[in-house]
Amino acid sequence: MKSPLLDQAGAVPAAGPDTGVAAHYGDPFAEQRALTRSAGLVDRSHHGVLRITGSDRLSWLHSLTTQDVESLAPGAVTQALVLSPSGHIEHHLTLADDGTAVWIHVEPGTAEPLLAFLQSMRFLLRVDPVDVSDEFALLTLMGPGTAGGLPDGAAMTMADSFGMDVLVAREHLAAIAADAQRRGAVLAGIEAYEALRIAAHRPRLGLDTDHRTIPHEVGWIETAVHLTKGCYRGQETVARVHNLGHPPRRLVFLHLDGSEDTLPAHGDPVTMGDAEVGFVGSAQRHFELGPIALALVKRTVPVDAALRAGGVPAAQEVVVSPDAGANVKITLKRPRGALGPRRE
């Protein structure tokens, strides 16, 4: 759906997965500075929105996702994953419960398949999942000047250390954005948001992941997975990697050579010498750091290795440690002279 905020002066449409909203409104670097130093409003209305009602909604989601949702307090925000039976990431959810319904926002284009999965798992439980993307839109407030600046008409808010996600009635999107601007917020495009997201080492489903990605590889084991909750689809892979092994790949942050005119594209190969060792996920130009990217590379790539991302020289910064996983404790027992490791 095309956002009405694309009618704002200076709006340049975004492409790819962010089609439908503005890439920027004339000055991406100024928009980044507003999001970090004062107050900014990002139009993310192209994201999908689901709402789940029914008295069994929390226990039901608890059984289907990687997160401890059953004990989620009203107003608290969390992240969760839906995994395939083999443990690969299929969906990334940001969600909160308002006391009567769970609100979820997801990546563009994923609401419909997520709803289809949820509908298939209803059985006889008292739950009613609905895709409300046509009715509600996602805006994000960022910056120290946004404290207490919640737009009037918000249906649900989901705040964390990165920003405040606000779900609003889509029919009032333009009016709410105008009200935020009157209060001093700068309208920022998705390019500014993406640059700050990459700098914060926050992966994005479908860009920094592929069909083989497991939670350990991108750090979602720390933010979207509860390691001691009950069974869910794909849990065996999560437990096996966490306790006995290492993920085959790891997320890295790349400082790109600023002398290059172009950024590597999503999916471009990451190479070490003549060997291909991964792929580029997201790349943007940061107002302070210059050109930056996230990439998924083989776990065995040395952390100090010089890389090239889409042909651009790149220095890596560790996001996910090569030692991720394998949290089993090994102790040596020597009863009656016997030697051997014991896993606990």
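The values are calculated or read from the model by the stated rules, or taken from the named source; none is laboratory data. Bear in mind the structure is a predicted one, so any value in this text is a computation, not a measurement. Using ideal geometry, Cβ is built from the backbone for each residue, glycine included, and neighbour counts are taken over all protein chains shown.
Tabulated values for the structure
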read-out: Lone qualifier among VAL127, VAL106, VAL82, VAL69 - being without any contact (Cβ under 8 Å) to a residue 40 or more places away in the chain and touching a helix residue (DSSP H, G or I) at 6+ places or on another chain (Cβ under 9 Å); value: VAL69
read-out: Any hit, region 182-200, residues being among the acidic types (Asp, Glu) and either in a loop (DSSP other than H, G, I, E, B) or touching a Gly at 6+ places or on another chain (Cβ under 8 Å) (or both); value: no
read-out: Condition broken by GLU222, with the remaining ones in (1) closer than 30 Å to ALA154 by Cβ; (2) among the acidic types (Asp, Glu); (3) buried (at least 20 other Cβ atoms within 10 Å of the Cβ) satisfied; value: (3)
read-out: GLN67, sole failed condition from (1) farther than 30 Å from PRO247 by Cβ; (2) touching a His at 6+ places or on another chain (Cβ under 6 Å); value: (1)
read-out: All positions within region 207-260 that are over 18 Å from ALA295 (Cα atoms) and part of a helix (DSSP H, G or I); value: GLU222, THR223, GLN235, GLU236, THR237, VAL238, ALA239, ARG240, VAL241, HIS242, ASN243, LEU244
read-out: Residue in region 192-210 that is within 29 Å of THR66 (Cβ to Cβ), modelled with pLDDT under 95 and surrounded by 20 or more Cβ atoms within 10 Å (Cβ to Cβ) present; value: no
read-out: Search result, residues across region 92-148 that are buried (at least 22 other Cβ atoms within 10 Å of the Cβ), in a loop (DSSP other than H, G, I, E, B) and of a type in the set (Ser, Thr, Tyr); value: SER133
read-out: Filter result (aliphatic (A, V, I, L, M), within 15 Å of ALA178 (Cα to Cα) and surrounded by 21 or more Cβ atoms within 10 Å (Cβ to Cβ)) within region 1-53; value: LEU5, ALA39, LEU41, VAL42
read-out: Members of region 36-68 found to be over 21 Å from the mean Cα position of the chain (by Cα) and part of a strand (DSSP E or B), listed by number; value: THR53
read-out: Index of the failed condition, ARG33 passing every other in (1) under 21 Å from ILE198 (Cβ atoms); (2) of a type outside the set (A, V, I, L, M); (3) outside any helix (DSSP H, G or I); value: (3)
read-out: Qualifying residue in region 165-175 (condition: touching a helix residue (DSSP H, G or I) at 6+ places or on another chain (Cβ under 6 Å), touching a residue at least 60 places away in the same chain (Cβ under 8 Å) and at positive phi); value: no
read-out: Residue among THR66, THR53, THR36, THR100 that is of a type in the set (S, T, N, Q) and under 30 Å from PRO248 (Cβ atoms); value: THR66
